[in-house]
Amino acid sequence: MTSWKNKTIYQIYPRSFLDTSGNGIGDLNGIKNRIDYIADLGVDYVWISPFFKSPQKDFGYDVSDYRKVDNLFGSNNDFKNLLDAFHSKGLKVITDLVLSHTSDEHEWFKKSKASKDNEFSDWYVWQDPTDTLCALEPQPNNWLSVFGGSSWEYSYSRDQYYLHNFLTSQPDLNFHNEEVQNQMLEEIEYWLKFGVDGFRFDVINFLFHDKELRDNPYKDPKLVRPLGFNKDNPYGEQVHIYDNTRPEVIPYLERIRQILDKYNAISVGEIVSENPLETIGEYTNEKRLHMAYCFEFLAEDINFENIESIVENFFKNHPESWPCWAFSNHDSKRIVSRINQNPKTIMEKLLKLKGNVCIYQGEELGLPESEVEYEHIQDPFGKNFWPEFKGRDGCRVPMPWDSESKNFGFSSNESWLPAEKKYKNLCVDIQQQDSNSMLSFTKEQIALRKKIAT
């Protein structure tokens, strides 16, 4: 089955799409209310960022219940209605699934933390302090969190450290435990039975860690190139060969693929690794993931003129593999603020690339990055590294629908991030009236891509 190839995916960040409940946060009914707009774009798939039950420390990428829609966004029934509405329009839906870690408020972690001897005690990555005389120093090894500091956090209740590659409130699951592997396959199958058409798997190369917990080596400072994190982050100074992208990931991807194939569903993996294009080459084929994307074109140092040759080389070097290309998403500064190019030139280039492509909400409007003031910053990543790195809120501000309404039609109340004033003339209502607008151009280019692909 190759009908999923060369398709266009539209990414929705639900918190910022449309608020129908009046709490200042976008929701599933907001997406449903704009289904005609999405269908009119001409895209094939819609990827919805996480909306599962979560304390929202990392805005849904910290899951406390994989099978329940968070009340912030609606209910499981709302999601079912949304799926039915998309399917009636011939659109397929992929949901964002975080397999590598949970929230520390997940029942599994609460039980794992409570005892070294219960059914969940080995579901997370626990390690004794290396110096028993001093429980807080030193840590098991030199691994770092993407969000700053050590990736080990001490738990007094177990007198052990647990691993967290991201926030301390996002403990890593122990995929060396067969029970964990099987459980996460069940979570995947639950949503496939529910009716989803596939998944975007968050940081899929982070599932396994080195069992021996060996220290990562350090890079030559001249070779530090941040792909998926900020340039001032010490994370980029290490060669991440032991804390992620381990060989055990590949056989597990093959187990995932067997379940996906049963339901004719697709998969998009997110890769944050040392050699991301090589990792995509390894992780995608007819037995593993369908496709994967990385931060190659999402980084600050994107070489816009060289994009076509990078794509060409990828296919030359990995003829059995398949990429998904993105210029913007919820984790990166918007492309029109990273490079000095006309938004139409950027979109035209993206939509001519071989492989699947992903358009992030608002990219079709040519939205620039928003400058969010410190007092409004929500992203813990930005709070940790301010002011050198301002976090990811600038690309997550509300979608501008109506130039004459409060918050440009996103919410009738105060929105979780402030609406960007400079979006006024880029609002959907204005661009829909203009045949020369960025929105009109994007629709034409998507239609052209579809025509060429068929």
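The values are calculated or read from the model by the stated rules, or taken from the named source; none is laboratory data. Just so it is clear, the model here is predicted, and its values are computed rather than measured. As a convention, Cβ positions derive from the backbone with ideal geometry for all residues, glycine included, and neighbour counts pool all protein chains shown.
For ASP62, indicate whether it is outside any helix (DSSP H, G or I) and either among the polar types (S, T, N, Q) or surrounded by 23 or more Cβ atoms within 10 Å (Cβ to Cβ) (or both).
Yes; evaluated as a whole, the condition is true for this residue.
Residues being polar (S, T, N, Q) and assigned to a loop (DSSP other than H, G, I, E, B): count how many of those fall in the stretch 238-284.
Qualifying residue count for the region: 5.
Kindly list, by first and then second residue, each pair from a residue in the stretch 297-312 that is over 16 Å from SER328 (Cβ atoms) to a residue that is assigned to a loop (DSSP other than H, G, I, E, B), limited to pairs with Cβ atoms under 7 Å and residues at least 6 apart or on different chains.
Note: pairs meeting the criteria are ILE310/GLU296; VAL311/LEU353; VAL311/LYS354; VAL311/GLY355.
In the stretch 250-265, how many are touching a helix residue (DSSP H, G or I) at 6+ places or on another chain (Cβ under 7 Å), in contact (Cβ under 8 Å) with a residue 60 or more places away in the chain, surrounded by 18 or more Cβ atoms within 10 Å (Cβ to Cβ) and not small (Gly, Ala, Ser)?
The number of residues fulfilling the criteria is 2.
Among the listed residues ASN356, ASN384, which satisfies the condition of being in contact with a Lys or Arg (Cβ under 7 Å, 6 or more places away or on another chain), over 17 Å from SER16 (Cα atoms) and surrounded by 16 or more Cβ atoms within 10 Å (Cβ to Cβ)?
ASN356
Please determine whether any residue of the stretch 161-169 is in a loop (DSSP other than H, G, I, E, B), free of Cβ contacts under 8 Å to residues at least 12 places away in the same chain and either surrounded by fewer than 16 Cβ atoms within 10 Å (Cβ to Cβ) or on the phi < 0 side of the Ramachandran plot (or both).
No: zero hits.
Select from the stretch 139-160 the residues that are part of a loop (DSSP other than H, G, I, E, B) and within 21 Å of the chain's Cα centre (by Cα) and list them in ascending order.
Residues satisfying the conditions are SER145, VAL146, PHE147, GLY148, SER151.
What's the number of the only condition in (1) under 20 Å from the mean Cα position of the chain (by Cα); (2) closer than 27 Å to ILE9 by Cα; (3) surrounded by fewer than 17 Cβ atoms within 10 Å (Cβ to Cβ) that LYS231 fails to meet?
Failed condition: (2).
What is the residue count in the stretch 316-338 for residues that are under 15 Å from SER16 (Cβ atoms) and either in contact with an Asp or Glu (Cβ under 7 Å, 6 or more places away or on another chain) or not in a loop (DSSP other than H, G, I, E, B) (or both)?
Within the stretch 316-338, residues that are under 15 Å from SER16 (Cβ atoms) and either in contact with an Asp or Glu (Cβ under 7 Å, 6 or more places away or on another chain) or not in a loop (DSSP other than H, G, I, E, B) (or both) number 2.
Could you please find all residues in the stretch 67-94 being among the hydroxyl-bearing types (Ser, Thr, Tyr) and either surrounded by 21 or more Cβ atoms within 10 Å (Cβ to Cβ) or modelled with pLDDT under 95 (or both)?
Answer for the stretch 67-94, where residues must be among the hydroxyl-bearing types (Ser, Thr, Tyr) and either surrounded by 21 or more Cβ atoms within 10 Å (Cβ to Cβ) or modelled with pLDDT under 95 (or both): there is none.
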